[in-house]
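What follows is a set of notes on a single structure, which appears directly below.
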Amino acid sequence: MYKDYWGLIEYPFENLPNPGYLYKSPLHEEALTRLIYAIEQRKGAAMLTGEIGCGKTTISRLLVQRLVKRNYQLALIENPCLEPEDFLREILYQFGVETVTDSKREMIHLLNDHLYRNLNEGKNSVIIVDEAQLINSERTFEELRLLLNFQLNDRFLLTLILIGQPELKEKIERITQLNQRIAIRYHLQALDVKEMVKFIFFRLKKAGARRNMFTNDALRRIYDFSCGIPRKINNICDLSLLIGCGESVNFINSAIVEKSAHGSL
């Protein structure tokens, strides 16, 4: 609705996990680096946590984007609130393994055979569990731990990546045997004000903007309301551009940001 008014070719502040719009702050770069390190060095398991809206899912999509171009086979579990048998079935489905059995034992055999097949073909198997804090069954967490038993004397046959909100860390810490298997951990913090400004300018430029349309006071108020959470920043900026278009202004000021914040948070 406001693209033409602001001279944009795309909407810059969509809250979608589009890797092309991921602003790689030092925090996001560190998170991605640790996950890639865990996978490349076959560390077994890694965990990424962060507050709602910090960009964890977008990082997972960028991770997938990088790995599919290389010799990896990925199973991306986006709805992990499953019982152990269904979890195994979903992993097999994501790996492209057909199964008609309801036997957990048979599914484990199928997964074992597939992991060895990947090994013999020079492929690395990776399981990424997004929104892992939604797992409520300790039996399912136990199944995840048991997946790490697929290993040789010198390497794991798969890498498990758990991504979720801060409560995931608390859940994992209550399961000592699984907690000890997590070799790499990172907690994604919110952006500081300097990185938030870079985040906004990056997304505007990505969307085709040829100028900045936010005053310094507006930027400070965006940070006050968003606390540096990317999802909140996007909501405020998007509505601000819409209101600014409706009011036919040349720049987004702090008054417009305040209207947007009260209407979007």
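The values are calculated or read from the model by the stated rules, or taken from the named source; none is laboratory data. Keep in mind that this is a model prediction, so the values were computed, not measured. For neighbour counting, all protein chains shown are included, and Cβ atoms are generated from backbone atoms with ideal geometry for every residue, glycine included.
Summary table below
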{"quantity": "Filtered residues of the range 11-23 (kept if surrounded by 15 or more Cβ atoms within 10 Å (Cβ to Cβ) and not in a helix (DSSP H, G or I))", "calculated": "Tyr11, Pro12, Phe13, Asn15, Pro17, Leu22, Tyr23"}
{"quantity": "Some residue of the range 146-156 being surrounded by 20 or more Cβ atoms within 10 Å (Cβ to Cβ) and either over 21 Å from Tyr72 (Cα atoms) or outside the structural domain of Leu35 (by TED's automatic domain parsing) (or both)", "calculated": "no"}
{"quantity": "Pairs where the first residue, in the range 237-257, is modelled with pLDDT of 95 or more and the second is of a type in the set (D, E, K, R), C-beta under 7 Å, 6+ apart", "calculated": "Ile243/Lys259; Asn253/Asp217; Ser254/Asp217; Ser254/Arg221; Val257/Arg221"}
{"quantity": "Odd one out for Ser60, checked against (1) touching a Leu at 6+ places or on another chain (Cβ under 9 Å); (2) over 28 Å from Arg117 (Cβ atoms); (3) assigned to a helix (DSSP H, G or I)", "calculated": "(2)"}
{"quantity": "Any hit, the range 207-227, residues being surrounded by 19 or more Cβ atoms within 10 Å (Cβ to Cβ) and within 18 Å of the chain's Cα centre (by Cα)", "calculated": "no"}
{"quantity": "Residue selected from the range 114-139 under the condition assigned to a helix (DSSP H, G or I) and within 21 Å of the chain's Cα centre (by Cα), by the criterion surrounded by the fewest Cβ atoms within 10 Å (Cβ to Cβ)", "calculated": "Leu134"}
{"quantity": "Any hit, the range 188-203, residues being at pLDDT 95 or above, over 27 Å from Leu48 (Cα atoms) and charged (D, E, K, R)", "calculated": "no"}
{"quantity": "Single unsatisfied condition, Thr33 versus (1) over 28 Å from Leu152 (Cβ atoms); (2) among the β-branched types (Val, Ile, Thr); (3) surrounded by fewer than 19 Cβ atoms within 10 Å (Cβ to Cβ)", "calculated": "(1)"}
{"quantity": "Among residues of the range 87-120, those that are closer than 14 Å to Leu147 by Cα and among the acidic types (Asp, Glu), counted", "calculated": "2"}
{"quantity": "Residue pairs meeting the criteria (Cβ under 9 Å; at least 6 apart or on separate chains; first under 18 Å from Leu76 (Cβ atoms) and among the aromatic types (Phe, Trp, Tyr), in the range 90-108; second assigned to a helix (DSSP H, G or I) and at pLDDT 90 or above)", "calculated": "Phe95/Leu111; Phe95/His114; Phe95/Leu115; Phe95/Asn118"}
{"quantity": "Any hit, the range 87-97, residues being in contact with a Ser or Thr (Cβ under 6 Å, 6 or more places away or on another chain), surrounded by 15 or more Cβ atoms within 10 Å (Cβ to Cβ) and among the β-branched types (Val, Ile, Thr)", "calculated": "no"}
{"quantity": "Long-range neighbours under 6 Å by Cβ, at least six apart or interchain, first residue within 11 Å of Lys205 (Cα to Cα) within the range 11-25, second in a loop (DSSP other than H, G, I, E, B)", "calculated": "Pro12/Ala207"}
{"quantity": "Only one of Leu82, Leu111 that is farther than 30 Å from Cys245 by Cβ and part of a helix (DSSP H, G or I)", "calculated": "Leu111"}
{"quantity": "Yes/no for Tyr21 being among the aromatic types (Phe, Trp, Tyr) and in the same structural domain as Gln133 (by TED's automatic domain parsing)", "calculated": "no"}
{"quantity": "Count of residues meeting criterion [in contact (Cβ under 8 Å) with a residue 24 or more places away in the chain, over 19 Å from Leu144 (Cα atoms), part of a helix (DSSP H, G or I) and over 19 Å from the mean Cα position of the chain (by Cα)] in the range 163-196", "calculated": "1"}
